[in-house]
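Written out below as structure tokens is the structure these notes cover.
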Amino acid sequence: MKVLKKIDDIRQCRLQNRAGKWGLVPTMGYLHAGHLSLVRKARAENDYVAVSIFLNPKQFEDVQDLRTYPKDLRRDLELLEHEEVDLVWTPAPAEIYPPDYQTYVSVQELAKPLEGAARPGHFRGVATIVAKLFNVFEPQRAYFGQKDAQQLLLIQQMVKDLNFNLQVVACPTVREQDGLAMSSRNARLPAPARKQAICLYEALRLAERMISSGERKAATLRSALSAHIEDYNLARIDYVSIVNPATVDEIERIAGRVLICLAVSVDGVRLIDNLTINIREAQNENV
Ligand code: AMP
């Protein structure tokens, strides 16, 4: 496994191995089984697998969140070595954003609601770094988690709009035993908060039960889910949204496929989760 820092070295490595297909898994490090599921899928589908580990400052509007984001590069590299990854990129911020840096990628409508409203500038940072990663690695496939459903949509849109010549592969959410979606931020949850963090998954399951029992009013669902989460004293709701899974626009009536998105701070740790429900089959797709 090669671990490289410089863009020129990545390009050279890529050129030396241009015959096979490359799969890229972009991450911010502090890897868990969710990340590794993407890596394994990439390993199964490509000749070469590249992983980037870069805590992208441009997608953190909250400096404290960036400062306290968990890191353990040595452990990350051990895990990736074990997954037989070919190439890891661990660039310094100045390699990505030199002092004269001034170009950004902004996806428009998809970036406005939910995470975009809660974290202004976040998706501009995400789209910019992912576009740069695509340009540096030129992968045939790139792997992203459904856990960040809006991010996935935004990247699919960017790939289409900017004619990136690659396939975006969506990967299902990997969960802890009790249902909590795996996230690097979970490491920041103190024990009582970790217990209460289950409220997101419970709310998604509640929505699923209500919909299969015939509930079709999004407002009723939003209230029920919010009430369930508010029962936990450490939980503060940022949003409980029921949206069109293609546009991320809020909907009034449940029909066809719907995406339920939650953002909740539990003891100050902001967690997100989501579930796609297909009404015709009355069954979820990614829990
Ligand atoms: P991050 O390091 O949080 O930027 O995540 C890197 C990639 O891993 C993104 O595409 C995420 O959507 C994906 N990811 C994060 N958590 C999970 C999870 N629990 N299950 C599946 N994919 C995940």
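The values are calculated or read from the model by the stated rules, or taken from the named source; none is laboratory data. Note that the coordinates shown come from a computational prediction; the quantities given were computed from them, not determined experimentally. Every residue, glycine among them, receives a Cβ derived from its backbone with ideal geometry; neighbour counts consider all protein chains shown. Only protein heavy atoms, including side chains, enter the accessible area calculation; ligands, DNA and RNA are left aside. Shrake-Rupley method; radii C 1.70, N 1.55, O 1.52, S 1.80 Å.
Only one of the numbered conditions (1) within 19 Å of ARG75 (Cβ to Cβ); (2) open to solvent by 20 Å² or more (accessible area, probe 1.4 Å); (3) of a type in the set (Phe, Trp, Tyr) is violated by PHE54, and that is (2). Go through the range 72-117 and give me each residue that's within 15 Å of GLY29 (Cβ to Cβ), assigned to a loop (DSSP other than H, G, I, E, B) and either modelled with pLDDT under 95 or aliphatic (A, V, I, L, M) (or both). Hits for the range 72-117 are VAL85, ALA92.
You will find that of GLU45, GLU95, GLU81, the residue that is more than 18 Å from GLU138 (Cβ to Cβ) and acidic (Asp, Glu) is GLU81 and no other. Count of the range 184-243 residues, restricted to those that are open to solvent by 40 Å² or more (accessible area, probe 1.4 Å), away from the ligand (no atom under 16 Å from the Cβ), in contact (Cβ under 8 Å) with a residue 24 or more places away in the chain and not β-branched (Val, Ile, Thr), is 16.
Filtering TYR97, TYR143 for residues that are open to solvent by less than 60 Å² (accessible area, probe 1.4 Å) and either within 14 Å of the ligand (Cβ to nearest atom) or of a type in the set (A, V, I, L, M, F, W, C) (or both) leaves a single hit, TYR143.
Looking for something surrounded by fewer than 19 Cβ atoms within 10 Å (Cβ to Cβ), in the same structural domain as ARG40 (by TED's automatic domain parsing) and assigned to a helix (DSSP H, G or I) - is there at least one such residue anywhere in the range 160-177? Yes, the range 160-177 has at least one match.
Is it the case that ALA181 is surrounded by fewer than 21 Cβ atoms within 10 Å (Cβ to Cβ) and either β-branched (Val, Ile, Thr) or touching a helix residue (DSSP H, G or I) at 6+ places or on another chain (Cβ under 7 Å) (or both)? No: the conditions fail for ALA181.
When you check GLN108 against the structure, is it open to solvent by 50 Å² or more (accessible area, probe 1.4 Å), closer than 27 Å to VAL49 by Cβ and not β-branched (Val, Ile, Thr), yes or no? In short, no. Evaluated against (1) more than 16 Å from ARG209 (Cα to Cα); (2) modelled with pLDDT under 95, GLN283 falls short on exactly one condition, (1).
Each residue in the range 11-59 was checked for being away from the ligand (no atom under 13 Å from the Cβ), of a type in the set (S, T, N, Q) and outside any loop (DSSP other than H, G, I, E, B), and 2 of them qualify.
Hey, any hits in the range 128-139 for a residue that's open to solvent by less than 30 Å² (accessible area, probe 1.4 Å) and not in a helix (DSSP H, G or I)? Looking for residues that are open to solvent by less than 30 Å² (accessible area, probe 1.4 Å) and not in a helix (DSSP H, G or I), one finds at least one in the range 128-139, hence yes.
Restricting attention to helices (runs of 4 or more DSSP H) lying wholly within the range 190-284, give those where 1 or more residues are under 22 Å from the mean Cα position of the chain (by Cα) and small (Gly, Ala, Ser).
191-196, 199-212
Criterion first (assigned by TED's automatic domain parsing to the domain that holds PHE144, within 13 Å of the ligand (Cβ to nearest atom), surrounded by fewer than 19 Cβ atoms within 10 Å (Cβ to Cβ) and touching a residue at least 40 places away in the same chain (Cβ under 8 Å)) does ALA92 satisfy it? Show your work before the answer.
On the way: assigned by TED's automatic domain parsing to the domain that holds PHE144: yes; within 13 Å of the ligand (Cβ to nearest atom): no; surrounded by fewer than 19 Cβ atoms within 10 Å (Cβ to Cβ): yes; touching a residue at least 40 places away in the same chain (Cβ under 8 Å): yes.
Judged against the criteria, ALA92 is not a match.
Whether any residue in the range 147-156 is outside any strand (DSSP E or B), on the phi < 0 side of the Ramachandran plot, more than 9 Å from the ligand (Cβ to nearest atom) and in contact (Cβ under 8 Å) with a residue 60 or more places away in the chain is what I want to check. Yes: the range 147-156 contains one or more residues that are outside any strand (DSSP E or B), on the phi < 0 side of the Ramachandran plot, more than 9 Å from the ligand (Cβ to nearest atom) and in contact (Cβ under 8 Å) with a residue 60 or more places away in the chain. Does ASP249 satisfy being surrounded by fewer than 17 Cβ atoms within 10 Å (Cβ to Cβ) and under 29 Å from LEU66 (Cα atoms)? So ASP249 fits the description; yes. Filtered by the rule that a residue be open to solvent by 50 Å² or more (accessible area, probe 1.4 Å) and touching a Leu at 6+ places or on another chain (Cβ under 7 Å), the range 252-268 gives a lone residue, ASP267.
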